[in-house]
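Inspection log for the structure reproduced underneath, given as structure tokens.
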Amino acid sequence: MNTPRHAIRSYVLRTGRITRAQTRALEELLPRFGIPYSESLLDLDAVFGRRAPRVLEIGFGNGDTLIELASKTPATNFIGVEVHPPGIGHCLLAVESLGLSNVRVIAHDAVEVLAQQIPPASLDEVLIYFPDPWPKKRHHKRRIVQPEFATLVASRLKPGGRFKLATDWEPYAAWMLEVLGASREFTNAAPGGGCVDRPAREMTRFESRGRRLGHAVFDLEYIRR
Ligand SMILES: C[S@@+](CC[C@H](N)C(=O)[O-])C[C@H]1O[C@@H](n2cnc3c(N)ncnc32)[C@H](O)[C@@H]1O
């Protein structure tokens, strides 16, 4: 697919602290459990060595959700996409220690991964939990949820596939509802057209932080038409 490289990124790579174990994980485990980024479409059955439902999580952070889901649902294949090296290392250590064979990690910008590597209509679910809210107005263009992004996600989902999101930033929840509500490719799974009840998902690091700060949490779910 000939998608132009997007110029505005939804993240800024921080040179945060990385532990020795995380560095080892990036060196030794990424070659085992990672999928290198490239500009050609993946054969996802070949990647996992089996045909199974596929869930892709964007910006998995430390991997809290990814690891929990992959442990609970071994019959599903999970692809996690993240750019923050310490978080990727943390997640890989869990994949190794739990012996999970149904997780693969791509250490690259999820927008490019979706556009270049993930085949059309190949995913059962796309998850994006607590994406960076970019609260300042001049930074809103950095929010990952944008109309073109919604179209891209929709194109990678199978018909009937689910796009699940959560945020603890109310204005971002309103933004998501507006962008996804305007999309022709999605139907809101909430009967009233707003947020859904919190599904039984793992409490992530960023969700805990938001709750400590007294933020409400908003879950959204859309169905690919
Ligand atoms: C606020 S954190 C939330 C992490 C995790 N989902 C959680 O709830 O703990 C947002 C994460 O998204 C990642 N991220 C942002 N834009 C991304 C992109 N375009 N591709 C991949 N990861 C991205 C960041 O590196 C960061 O780890």
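Of all the residues that make up the range 172-225, how many are within 23 Å of residue 73 (Cβ to Cβ), touching a Phe, Trp or Tyr at 6+ places or on another chain (Cβ under 8 Å) and within 13 Å of the ligand (Cβ to nearest atom)?
Total meeting the criteria: 4.
When the residues of the range 140-165 are filtered to those that are part of a strand (DSSP E or B) and of a type outside the set (Gly, Ala, Ser), which remaining residue is farthest from the ligand (Cβ to nearest atom)? Break it down into steps so the answer makes sense when it comes.
First pass over the range 140-165, keeping only residues part of a strand (DSSP E or B): 157-165.
Okay, now just the ones that are also of a type outside the set (Gly, Ala, Ser), so 157-159, 162-165.
Values: 157: 17, 158: 22, 159: 25, 162: 17, 163: 15, 164: 12, 165: 10 Å.
Here the answer is 159.
Those residues that are outside any loop (DSSP other than H, G, I, E, B) and out of contact with any Lys or Arg (no Cβ under 8 Å at 6 or more places or on another chain), I need them from the range 167-194; list them, please.
If the condition is that a residue be outside any loop (DSSP other than H, G, I, E, B) and out of contact with any Lys or Arg (no Cβ under 8 Å at 6 or more places or on another chain), then 167, 170, 171, 173, 174, 176, 177, 178, 179, 180, 181, 188 are the ones that fit.
With respect to residue 168, is the statement that it is within 13 Å of the ligand (Cβ to nearest atom), on the phi < 0 side of the Ramachandran plot and of a type in the set (Asp, Glu) true? Spell out how you get there, then give the answer.
Values: within 13 Å of the ligand (Cβ to nearest atom): yes; on the phi < 0 side of the Ramachandran plot: yes; of a type in the set (Asp, Glu): yes.
Answer is yes for this residue.
Restricting attention to the range 91-110, which residues are within 11 Å of the ligand (Cβ to nearest atom), of a type in the set (A, V, I, L, M, F, W, C) and in a loop (DSSP other than H, G, I, E, B)?
Within the range 91-110, just 107 meets the criteria.
Assuming residue 113 fulfils every condition listed in (1) closer than 28 Å to residue 71 by Cα; (2) more than 12 Å from the ligand (Cβ to nearest atom) apart from one, which condition is it?
So the condition that residue 113 fails would be (2).
For the range 116-139, give me the residue count where each residue is more than 15 Å from the ligand (Cβ to nearest atom), out of contact with any strand residue (DSSP E or B) (no Cβ under 7 Å at 6 or more places or on another chain) and either at pLDDT below 95 or not charged (D, E, K, R) (or both).
2
Does any residue in the range 196-225 that is farther than 15 Å from residue 128 by Cα and in a helix (DSSP H, G or I) come within less than 8 Å, Cβ to Cβ, of a residue that is among the β-branched types (Val, Ile, Thr) and modelled with pLDDT of 95 or more six or more places away or on a different chain, and which pairs are these?
210/217; 211/217
Can you tell me which residue in the range 65-87 is surrounded by the fewest Cβ atoms within 10 Å (Cβ to Cβ), limited to those that are within 6 Å of the ligand (Cβ to nearest atom) and outside any strand (DSSP E or B)?
83
The values are calculated or read from the model by the stated rules, or taken from the named source; none is laboratory data. Since we're looking at a predicted model, the values are computed, not measured. Note that each Cβ is placed from the backbone with ideal geometry, even for glycine, and that neighbours are counted across all protein chains shown.
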